[in-house]
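The structure appears below as structure tokens.
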Ligand code: SF4
């Protein structure tokens, strides 16, 4: 019997739950230990198709810092994280960047974009080197 113990991360209460695969129940899983319906939904999703928001950085040229913080705009399947990081690691953006700028559109056909989570001005030193 497939079962998993987990802590619900939907709210700060952090209920300890057990999710058991059960063909007899309507959703295919039986959830216990949850104090509300949101926990049940989370538990079933964790068993059937766990997803996460991916937060990381990409290279930025002529920025004030060498890396730009980015994040997926929504959750993507947990099993795609390694492949997603390979794609993200190949990206290099040019400063300046405004928060919310789409860095990668439709990451791995998930329908989820990768966006900048902060703005970054161009480094004035690299600008002045260009002029001289
Ligand atoms: S089951 Fe409900 S009350 Fe418990 S942690 Fe999840 S969201 Fe919060």
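Modelled spin labels at residue 81 and residue 4, positioned 7 Å past Cα toward Cβ, are 1.2 nm from each other.
Over all directions, what mean area does the Cα convex hull of the chain project, stated in square nanometres?
The Cα convex hull of the chain, projected and averaged over all directions, gives 10.2 nm².
Here the label points at residue 37 and residue 90, each 7 Å from Cα along the C-beta direction, are separated by 4.3 nm in the simple model. Annotation: peptides 114-120, 39-45, 8-14, ranked by per-residue average of other Cβ atoms within 10 Å with the highest first, follow the order 39-45, 114-120, 8-14.
Starting with the highest mean, order 77-86, 63-72, 104-113 by the number of other Cβ atoms within 10 Å, averaged over the residues of each peptide.
Answer by packing, highest mean first, reads 63-72, 104-113, 77-86.
Extension gain, residue 11-residue 125: 0.36 nm per intervening residue step, less the Cα-Cα distance, totals 36.5 nm.
The mean sequence distance of close C-alpha pairs (under 8 Å, at least 6 residues apart), as a share of the length of the chain, puts its relative contact order at 18 percent. In the stretch 55-131, Rg over Rh equals 1.04, where Rg is the alpha-carbon radius of gyration and Rh the Kirkwood radius from pairwise Cα distances.
Using 0.36 nm per residue, how much length does the chain from residue 67 to residue 20 gain when fully extended, once their Cα-Cα distance is taken away?
Stretched out fully, the residue 67 to residue 20 stretch lengthens by 12.7 nm.
Where a number appears in this text, it was derived from the coordinates with a stated rule and is not lab data. Everything numeric here is computed off the predicted structure, so don't read it as measured data. For neighbour counting, all protein chains shown are included, and Cβ atoms are generated from backbone atoms with ideal geometry for every residue, glycine included.
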